[in-house]
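The values are calculated or read from the model by the stated rules, or taken from the named source; none is laboratory data. For clarity, every value in this text was computed on a predicted model and none was experimentally measured. For neighbour counting, all protein chains shown are included, and Cβ atoms are generated from backbone atoms with ideal geometry for every residue, glycine included.
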Amino acid sequence: MSAVSESIAQRVTLGMLVERYGFEVDPPFATNVTITSLSDAVDTVIPGSLFICTHEQEPDVLHAAQAGAYAALLPRASKGQIANADIPLLYGDFDDRVLGDLASGLAGGPSNAMAVFAVTGADEQAVDAGVSQLSEFLHMLGNPVAVITASGSTSMTRTMNLNYPLGILDMQRALSVCAEDGVAAVIIAMDDRTLAEHALESVNVDVLGTEDVNASASLNELKTRYAFVAEHDMSMTSSTPESDEMAADSPAMYDRVRLGHMSLAIAMVQAAGVRKNNIRSALHVANNFN
């Protein structure tokens, strides 16, 4: 039950999809039809949608057309099986990678417009706490922040009503909302409550952090499970003696558990390129308010 419909960044025609992905369009003269959203469930179709069918679903295609879909995308093996669609049909070989690229392209590549942080770990409560502490610390540094987690997603002050775990289209839609709101950094809880398999196709993750390296899945395992994009030299970020020392001067100094979350937050913003002096200044200001 996914859709990409908000914050569409560019005009996309069926002809552009034919050229980029090698799809076939029926009828051939429909190449100028413009789509303005993506959907893989009938109940999320709106006027202008490209309805994505993972297998032959003639009743669904007909219902999608009635709901306002401008076209439908089906597997190439389904060619000729849909007789009365009343909308153009695209046929092609597509997988999660193609859907991620398509959704990201339609939304304007929103993960490229923000710093993307992800927090992972074996303990769900620790992941949530890490996300919350990192969000608070990025606010201290003056960044408009979004949080995407099954415990409650927000884009700055806007609550995002999402259905978890998020799929590929859900994630691109959420990120496009964040980008439109002017968010500078988004924090994603990288766990199975929040994300379905391959949910992060075509999402660039800049920093991935965990408090418990030994209990966490490896970087390669996480990339396989969630399919995010990362620089070739990316490594898992965790607390360091330096981040521990700076955290000890923060408002979290009297709470041992929160101190660990703060240390990870500091290590992650350092990994993103924030200078030590800026971090110390933010901690100094935060202490003055406590």
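General observations
- So Val207, is it surrounded by 17 or more Cβ atoms within 10 Å (Cβ to Cβ) and among the β-branched types (Val, Ile, Thr): yes
- Considered as a group, the residues in region 167-185 that are within 15 Å of Ala118 (Cβ to Cβ) and in a helix (DSSP H, G or I) include one that is nearest to the chain's Cα centre (by Cα), and that residue is Met171.
- Scanning region 10-62 for residues that are free of Cβ contacts under 8 Å to residues at least 40 places away in the same chain, part of a helix (DSSP H, G or I) and of a type in the set (A, V, I, L, M, F, W, C) yields Met16, Phe29, Val42, Val61, Leu62.
- Just one residue in the set Ala179, Ala247 is free of Cβ contacts under 8 Å to residues at least 60 places away in the same chain, of a type in the set (A, V, I, L, M, F, W, C) and buried (at least 17 other Cβ atoms within 10 Å of the Cβ); that residue is Ala247.
- Tallying residues that are assigned to a strand (DSSP E or B) and not β-branched (Val, Ile, Thr) within region 147-166 yields 5.
- Residues that are aromatic (Phe, Trp, Tyr) and not in a loop (DSSP other than H, G, I, E, B) within region 68-97 comprise just one, Tyr91.
- Candidates in region 98-116 are the residues that are outside any helix (DSSP H, G or I) and modelled with pLDDT under 90; of these, the one that is surrounded by the most Cβ atoms within 10 Å (Cβ to Cβ) is Ala107.
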